[in-house]
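Presented below is the structure to which this report refers.
The values are calculated or read from the model by the stated rules, or taken from the named source; none is laboratory data. Everything numeric in this text was worked out from a predicted model, so none of it was measured. Positions of Cβ are generated from backbone atoms using ideal geometry, with glycine treated the same way; all protein chains shown enter the neighbour counts. Areas reflect the complete protein model, heavy atoms only, side chains present, ligands, DNA and RNA absent. Shrake-Rupley method; radii C 1.70, N 1.55, O 1.52, S 1.80 Å.
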Amino acid sequence: MTVREADKRVLQTPFHSRTSALCETNLWSPWKAYTVVDCYSVLTNEYFAIRNATAVFDLTPMTKYRITGKDGLAYLDKLMTRKMGKLSPGRVMYSVWCNDLGHVLDDGTVFHLKENHWRLCSQERHLDWLLATAMGFDVDIDDETDDVTGLAVQGPTSCQTLKTMNLQGVENLKPFQLKYFPFDGTELMVSRTGFTGDLGYELWIAPAHAETLWDALFAAGKPYGILPIGTHALDIVRIEAGFIQAGVDFVPALEVVRAGRGRSPFELGLDWLVQFDKPVFNGRKALLEEKEKGSRYRFVRLDVEGNKPANESFIYNGKKEIVGHVTSATWSPSAKMNIALASLDMPWGRTDDEIYTEVYYNRELQWNRLMARCRVVGGAFFDPPRRRKTPPLNY
Amino acid sequence: MKKYDAIVIGAGHNGLTNAAYLAKAGLDVLVLEKNPYIGGATVSRSLYEGWTYSNCSYVCSLFRPEIYRDLELARYGLQIIPYEGGITFMKNGDYFGNYADDERHHREIARHSKRDANAYHRYTADVSRQTRLIRPFMMRTPPDPTSFKPRDVMELIYIIKTYWDLGEEILYDTIRFWTMSVGDFLDEYFESSIIKAHLAGAGIIGTALGVYSPGTAYVLLHHYMGDVDGTIGAWGFARGGMGSIAKALADAFQSFGGEIKVDAGVDKILVSNGRVKGVVLENGDEYHANTVVSNLDPKRTFLKIMEEKDLPADVVKKAKNFKIRGSSGKLNISLDGMPSFYAIPKDHELLKADFHFIDSMERMERAYDDWKNGTWSKDPYLDTLIPTQVDPTMAPPGKHMMTIFVQYCPPKVEGKDWTDEQRDAFGKTVIDQISEYSPDFKDLILHAEIRTPREMENEVGLTEGNIFHGELTMDQLLFNRPFPGYAQYRGPVKGMYMSGSGTHPGGGVMGAPGANSAKEILRDLRRKNTVPEAFSDE
Ligand SMILES: Cc1cc2nc3c(=O)[nH]c(=O)nc-3n(C[C@H](O)[C@H](O)[C@H](O)COP(=O)(O)OP(=O)(O)OC[C@H]3O[C@@H](n4cnc5c(N)ncnc54)[C@H](O)[C@@H]3O)c2cc1C
């Protein structure tokens with residue numbers, strides 16, 4: 001019996017022939033419509049490919065929208081909390097977008113691909129909201145998730161790898177810049193973006209060229225320690241970089257059912273993305289009000305005492321009252337810190353607050369519990385200078 | 001003339017750790033290093049253009065994560081990348097591959113002995129039990145068992161209790177373990193000689209003892225008690241070479257206002273009225289401080305840079321009798337490409353870790369016989385790695401750097417000083433052994449640094465070239481390191497301290513001796529302690 005493509009439980013990405021051949025563990029998970037690798041072989045090797053060499057991650061399932069039309073910029077300016085005016089062609093911007101309550105629907109990147117042509121990349125699906133906001137603007141919006149595929153190429157030797165792949169001038173790309181290169185008879189778009197907080201690029205191409213791209217990349221990267229990585233390794237580095245993830249560190253506003261589950265940008269530590277000096281944008285009124293009245297929650301990055309990751313833990317104040325919970329946690333092999341992202345009730349999470357997390361851990365089937373003191377830190381846990389240098393130093 | 005609060009002699013990684021914690025406590029600290037570069041045995045230098053060697057130590061596991069974190073060494077660029085794999089090549093053309101994941105490892109041992117594959121689980125549990133016992137003592141000052149000071153008594157009780165809680169049987173096992181030979185220990189678990197040979201290496205590295213000499217089981221433990229990111233027993237590469245550790249420590253030290261002078265060999269520690277007052281350099285310059293820390297090994301400290309007249313006679317005697325026999329050599333090689341090996345496909349993942357070319361403990365014991373006879377092993381035990389398969393920073397793309405640790409290599413050849421010809425012949429012995437297993441290795445060699453104990457003594461100041469600043473045998477461990485009565489980092493002269501690998505918990509790139517010593521110094525100076533508590537495994 002043949003099964004219609006659309007009826008399949010999970011879909012395969014255009015890189016599947018390559019990723020499946022390399023996936024020794026057979027550990028896969030669904031990500032949106034697709035099945036993707038969690039860990040190809042050895043987690044630490046994949047993690048260190050990102051922080052030491054070149055790591056390749058299949059981005060196919062990222063939700064992608066094509067936005068075209070002469071009102072595109074004005075439209076995006078209304079959609080996003082951040083001013084989009086400076087987003088000239090060839091640039092990328094990170095932002096969040098909110099509903100009218102000022103709660104975050106998602107975070108993502110806007111690529112100004114060409115004159116009057118943008119791409120919005122996000123974790124969740126938003127077409128309904130995007131179209132609702134488009135009323136009155138001369139724009140076309142289309143889901144292009146399956147028309148464009150992508151690879152994240154990240155790590156200190158990633159630029160060398162791309163240069164060796166003959167992408168001339170790629171070293172001149174500044175962070176959040178994009179450029180087109182001829183490749184395999186088509187256009188390859190390369191942006192200096194990523195979810196790792198390290199030097200890195202994302203490569204975008206039509207699915208028909210996916211395998212050729214993969215092969216060229218791995219051939220070029222061989223002397224630079226190239227390795228495919230799965231979602232598990234990526235999760236560690238994104239926490240090290242202090243990046244939040246929809247569905248993990250916050251509930252996308254569209255899905256919120258229970259009271260108090262939505263989060264504003266302020267409540268996710270993203271104040272810098274909210275720019276009130278533009279007159280109109282979704283959620284502006286509510287956010288202005290919140291700014292005056294104060295937020296309900298504070299999102300913090302924590303340095304947790306000891307070495308046991310504080311996954312799924314409560315946060316307590318000095319009086320042993322619950323004041324929040326950890327959303328993501330890991331031991332950071334690069335910062336050599338026990339790190340966590342956490343959502344706290346106001347006013348907790350001020351720099352000098354005495355707060356603890358309750359860590360449970362298992363040793364030979366016996367559970368133990370400890371209260372670990374937490375220190376609130378500003379900025380990324382791990383922030384190598386190579387992330388910003390242009391052209392990047394050789395490793 | 002400016003007076004410092006403290007002077008640390010020797011910019012080895014322990015000296016730098018010590019200095020960093022003193023400076024962090026607000027002291028004005030000067031580090032004096034005889035070489036034009038820092039790091040001591042934790043050093044990386046470029047001797048051939050485009051390549052960087054880790055000239056002495058080459059892999060990292062023992063370095064205390066508490067220090068790494070507390071001094072924020074990641075911010076100063078330090079990165080330790082764990083590796084897994086390992087392989088021992090066999091004379092008959094076969095090999096044993098030391099896979100890290102349980103099932104592949106089991107399958108691979110079973111290829112040599114099905115029973116051993118299963119016995120390995122018993123072996124790991126027993127070794128883990130021992131490492132678990134010893135790890136908490138790394139960041140603690142050993143008690144003085146003859147003292148009645150409350151602190152010593154409490155610490156002794158703590159130790160006794162830790163072991164007593166285990167029950168009688170395990171206590172006996174522990175005592176045996178600490179005194180037996182690695183050979184006897186492995187014979188209790190395994191029947192296959194290749195498995196034993198692969199595991200026995202850790203029991204003799206850096207040690208002037210053979211696999212069947214009592215005390216070598218502990219040396220194995222010493223190599224298993226570290227960790228990388230919480231994986232106990234794991235080893236890793238320092239990105240950019242082991243010198244990155246010294247560099248990061250130096251940066252941390254300087255961030256606290258510390259000062260380092262290189263090309264500043266200390267001739268003598270100045271003592272007057274039974275207390276230190278500073279040091280005088282080989283060039284005659286003097287620097288003054290009421291606290292002077294020696295990061296040199298105990299023999300050099302007490303017999304070279306201190307005057308006998310300033311020391312109690314028993315210390316001079318103990319220093320003279322201190323066991324610090326050199327037994328190791330090192331080759332660092334620039335390679336034009338990745339060598340291939342007859343036994344396995346090119347670029348095999350097992351090559352990303354340590355590889356060896358000796359397949360039985362009998363061969364290892366014979367290698368030791370050569371050392372006893374005053375010459376280098378003709379069929380040596382090699383601990384070989386090619387870190388550039390992982391680290392992109394130490395050789396040009398596609399090229400490689402190989403580090404070869406050689407056991408055994410004597411401090412003198414048949415009682416006489418090494419000659420350059422002998423050194424080269426020693427290098428040739430090593431290269432020839434590898435060439436038996438690799439068709440193209442010899443042709444790929446672009447440059448080789450060959451180091452016998454002579455070079456190690458002359459360049460790093462390791463007496464007899466002993467890599468651990470003194471042997472790791474029970475009579476020189478814990479409260480006996482370096483000597484009974486002096487295991488708490490304090491020297492026999494007021495204001496004088498020790499911080500090097502010759503103190504507890506001993507050799508290796510660990511940082512613990514330096515940190516523990518700083519804690520004692522700050523205590524004496526009534527300063528706030530800056531040294532972090534150890535993480536708990538529990
Ligand atoms: C060949 C070799 C391989 C090794 N491999 C490993 C390994 O892979 N992993 C591991 O963990 N350990 C290894 N070790 C052991 C480890 O490197 C040492 O135990 C450790 O580095 C010693 O550090 P330290 O700070 O105690 O002393 P040192 O590093 O010996 O520092 C002493 C410093 O004092 C300086 N000095 C000497 N005399 C004077 C003077 N008169 N005046 C001023 N300065 C002076 C020296 O130049 C040196 O910088 C190895 C050692 C060697 C030699």
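Got at least one residue in region B:367-386 being within 14 Å of chain A (Cβ to nearest Cβ) and in contact with a strand residue (DSSP E or B) (Cβ under 8 Å, 6 or more places away or on another chain)? Checked against the condition, which is being within 14 Å of chain A (Cβ to nearest Cβ) and in contact with a strand residue (DSSP E or B) (Cβ under 8 Å, 6 or more places away or on another chain), region B:367-386 yields at least one hit.
Kindly check whether there is at least one residue in region B:65-85 that is more than 14 Å from the ligand (Cβ to nearest atom) and over 30 Å from A:G306 (Cα atoms). No, that holds for no residue. State yes or no: is B:V280 part of a strand (DSSP E or B) and either away from the ligand (no atom under 11 Å from the Cβ) or surrounded by fewer than 22 Cβ atoms within 10 Å (Cβ to Cβ) (or both)? It is true that B:V280 is part of a strand (DSSP E or B) and either away from the ligand (no atom under 11 Å from the Cβ) or surrounded by fewer than 22 Cβ atoms within 10 Å (Cβ to Cβ) (or both). Within region B:226-261, if we keep just the residues that are of a type in the set (F, W, Y) and more than 14 Å from chain A (Cβ to nearest Cβ), the residue that is nearest to B:R135 (Cα to Cα) turns out to be B:F253. Scanning region A:178-199 for residues that are crowded, with 17+ Cβ neighbours inside 10 Å and either within 14 Å of chain B (Cβ to nearest Cβ) or in a loop (DSSP other than H, G, I, E, B) (or both) yields A:R192, A:T193, A:G194, A:F195, A:T196, A:G197, A:D198, A:L199.
Residues checked against (1) away from the ligand (no atom under 14 Å from the Cβ); (2) in contact (Cβ under 8 Å) with a residue 40 or more places away in the chain; (3) within 14 Å of chain A (Cβ to nearest Cβ):
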| residue | (1), (2), (3) |
| --- | --- |
| B:P453 | no, yes, no |
| B:V460 | no, yes, no |
| B:T473 | yes, yes, no |
| B:N480 | yes, no, no |
| B:P492 | yes, yes, no |
| B:M496 | yes, yes, no |
| B:R526 | yes, no, no |
| B:V531 | yes, yes, no |
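Restricting attention to region A:303-328, the residues that are more than 14 Å from chain B (Cβ to nearest Cβ) and assigned to a strand (DSSP E or B) total 11. The condition (being open to solvent by 20 Å² or more (accessible area, probe 1.4 Å) and either away from the ligand (no atom under 12 Å from the Cβ) or assigned to a loop (DSSP other than H, G, I, E, B) (or both)) is satisfied by just one residue among B:D263, B:D267: B:D263. Residues considered: B:A19, B:A23, B:A11, B:A6. Of these, the only one that is near the ligand (Cβ under 8 Å from one of its atoms), of a type in the set (G, A, S) and in contact with a helix residue (DSSP H, G or I) (Cβ under 9 Å, 6 or more places away or on another chain) is B:A11. When B:T207, B:T174, B:T179, B:T216 are checked against the criterion of being over 30 Å from A:N338 (Cβ atoms) and within 16 Å of the ligand (Cβ to nearest atom), B:T207 stands alone in meeting it.
When restricted to residues that are within 16 Å of the ligand (Cβ to nearest atom), in a strand (DSSP E or B) and open to solvent by 50 Å² or more (accessible area, probe 1.4 Å), region B:26-50 contains 2.
Looking across region B:385-410, the residues that are surrounded by fewer than 23 Cβ atoms within 10 Å (Cβ to Cβ) and more than 18 Å from B:Q79 (Cα to Cα) come down to B:P396, B:P397, B:G398, B:K399, B:H400. Tell me, yes or no, whether region A:164-177 has at least one residue that is open to solvent by less than 10 Å² (accessible area, probe 1.4 Å), free of Cβ contacts under 8 Å to residues at least 60 places away in the same chain and not in a strand (DSSP E or B). Yes, that holds for at least one residue.
Taking the conditions exactly as written (in contact (Cβ under 8 Å) with a residue 40 or more places away in the chain, touching a Phe, Trp or Tyr at 6+ places or on another chain (Cβ under 8 Å) and open to solvent by 10 Å² or more (accessible area, probe 1.4 Å)), does A:T35 satisfy them or not?
No; evaluated as a whole, the condition is false for this residue.
Taking the condition within 14 Å of chain B (Cβ to nearest Cβ) and either open to solvent by less than 30 Å² (accessible area, probe 1.4 Å) or assigned to a loop (DSSP other than H, G, I, E, B) (or both), does A:P392 pass? The answer is yes for A:P392. Somewhere in region B:430-439, is a residue among the β-branched types (V, I, T), open to solvent by less than 10 Å² (accessible area, probe 1.4 Å) and either touching a strand residue (DSSP E or B) at 6+ places or on another chain (Cβ under 8 Å) or over 20 Å from B:D354 (Cβ atoms) (or both)? Within region B:430-439, one or more residues are among the β-branched types (V, I, T), open to solvent by less than 10 Å² (accessible area, probe 1.4 Å) and either touching a strand residue (DSSP E or B) at 6+ places or on another chain (Cβ under 8 Å) or over 20 Å from B:D354 (Cβ atoms) (or both). Going by the structure shown, is B:L351 within 25 Å of B:N458 (Cα to Cα) and either part of a helix (DSSP H, G or I) or at pLDDT 95 or above (or both)? No: the conditions fail for B:L351. Can you tell me which of (1) open to solvent by 10 Å² or more (accessible area, probe 1.4 Å); (2) on the phi > 0 side of the Ramachandran plot; (3) within 14 Å of another protein chain (Cβ to nearest Cβ) is the one B:G511 doesn't meet? Of everything listed in (1) open to solvent by 10 Å² or more (accessible area, probe 1.4 Å); (2) on the phi > 0 side of the Ramachandran plot; (3) within 14 Å of another protein chain (Cβ to nearest Cβ), B:G511 misses just condition (1).
B:A110 passes every criterion in (1) within 25 Å of the chain's Cα centre (by Cα); (2) of a type in the set (A, V, I, L, M); (3) more than 16 Å from the ligand (Cβ to nearest atom) apart from (1). Count of region B:501-520 residues, restricted to those that are aliphatic (A, V, I, L, M) and either within 11 Å of the ligand (Cβ to nearest atom) or outside the structural domain of B:A248 (by TED's automatic domain parsing) (or both), is 3. Filtering region A:47-59 to residues that are assigned to a loop (DSSP other than H, G, I, E, B) and either touching a Phe, Trp or Tyr at 6+ places or on another chain (Cβ under 6 Å) or facing chain B (nearest Cβ under 9 Å) (or both) leaves only A:A53.
Just so you know, in region B:128-174 the residues that are outside any helix (DSSP H, G or I) and among the hydroxyl-bearing types (S, T, Y) include one that is farthest from B:A518 (Cα to Cα), and it is B:T146.
Among the residues of region A:6-57, write down those that are acidic (D, E) and over 18 Å from the mean Cα position of the chain (by Cα). Don't jump to the end; show me each part of the working.
Kept after step one, since they are acidic (D, E), are these residues of region A:6-57: A:7, A:24, A:38, A:46.
Selection gives A:D7, A:E24.
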